[in-house]
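Here is the structure we will look at.
Values quoted throughout were computed directly from the atomic coordinates according to the rules given, and no laboratory measurement underlies them. Model, not experiment: these values are computed from the prediction. Quick reminder, even Gly has a Cβ in these numbers, built from the backbone with ideal geometry, and neighbours come from all protein chains shown.
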Ligand SMILES: NC(=O)c1ccc[n+]([C@@H]2O[C@H](COP(=O)([O-])OP(=O)(O)OC[C@H]3O[C@@H](n4cnc5c(N)ncnc54)[C@H](OP(=O)(O)O)[C@@H]3O)[C@@H](O)[C@H]2O)c1
């Protein structure tokens, strides 16, 4: 059985999960396989993937690399965003458009998002879509059972009695061990109220989830974007100012001025929150090893605690300011 809140490990390094969204898109097949080997050798035992990740290549890469150690790892995949079509044409287009990525990154990321939506549409929660998606994931991941199957970017009105039945049957026959949600906080909350007792894990943005979710209860909370969004927050003028006015934060302020230290501190801070897993991702093997090094070390603990407290106050101040502005409007 997958873990429950009672069985969640207190060792921070066991609570790190590897996010596989970069595999196969930014990296070649060979480099992607090598990155997964690096993650496994560094100690990662929890891997989060989706049929749509890496232009549809990520599940296959993960299955190819981890097939010999399947019993040692937790595999999480998703349903709801289609496996991309026309992958070869897409990769050729991406190679041809590479200069745009270097010269016009804004245009590149807008184009990439549009292309992703066109080739891998979301909202695929019909009973037949779910059955086909699970079968393909089992094949690509080279496994008899998926540990957690998450409904990817689901909205509650996209679920039907028939689709829920198919999901529960997949659990009953052992193709899936546990069901979860990988969507926005609002859609997570609404879905849990509408369909109680079905989902054992919820996955959401760290800065919404870890700061607003009530931990320690079912479902388990897994968070992502702790580093990506965290880097944006610690570079915000408002956040920097909130540290500058408090002398106790002088060392923290100095530390986050370095991007490398800021990323390490954000991860250490995320792991201090009471969440079941923190997902991290990188296309760089040195960063993958560094994630595990941070999780295993105590060196960051005091500054990370300060960062958590500063982030919590900043988030509260921003929420109050927006609420006041909203009330006045
Ligand atoms: N709906 C869902 O369920 C959902 C949504 C979003 C994400 N996820 C999952 O969560 C995983 C992690 O999400 P995420 O990729 O946003 O996580 P993240 O680990 O917060 O951010 C990864 C990004 O941060 C950069 N980064 C990492 N270390 C860094 C450092 N030391 N300095 C500067 N930049 C650094 C990486 O760039 P480099 O590659 O250059 O290192 C990468 O672009 C995804 O792979 C996916 O599995 C799930």
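Numbers at a glance
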{"quantity": "Length released on extending from residue 172 to residue 324, taking residue separation times 0.36 nm less the Cα-Cα span", "calculated": "49.8 nm"}
{"quantity": "Ordering of 174-180, 147-153 by packing [mean C-beta count within 10 Å, highest first]", "calculated": "147-153, 174-180"}
{"quantity": "Prolate/oblate/rounded label for the stretch 140-233 (Cα gyration tensor, a/c 1.5)", "calculated": "prolate"}
{"quantity": "Contour minus Cα-Cα distance for residue 248 and residue 286 (0.36 nm per residue)", "calculated": "10.5 nm"}
{"quantity": "Peptides ranked, highest mean first, by Cβ atoms within 10 Å: ranges 11-19, 29-37", "calculated": "11-19, 29-37"}
{"quantity": "The stretch 214-274 versus the stretch 142-190: alpha-carbon centroid distance in Å", "calculated": "31"}
{"quantity": "Residue 145/residue 312 FRET efficiency (R0 30 Å; Cβ-Cβ; nearest 0.05)", "calculated": "0.20"}
{"quantity": "Among 192-199, 206-213, 161-168, the order from most to least packed when residues are scored by Cβ within 10 Å on average", "calculated": "206-213, 161-168, 192-199"}
{"quantity": "Spin-label model distance (nm) - residue 296 vs residue 194, 7 Å beyond Cα toward Cβ", "calculated": "4.5"}
{"quantity": "Using a Förster distance of 22 Å, the FRET efficiency for residue 37-residue 260 (Cβ separation, nearest 0.05)", "calculated": "0.40"}
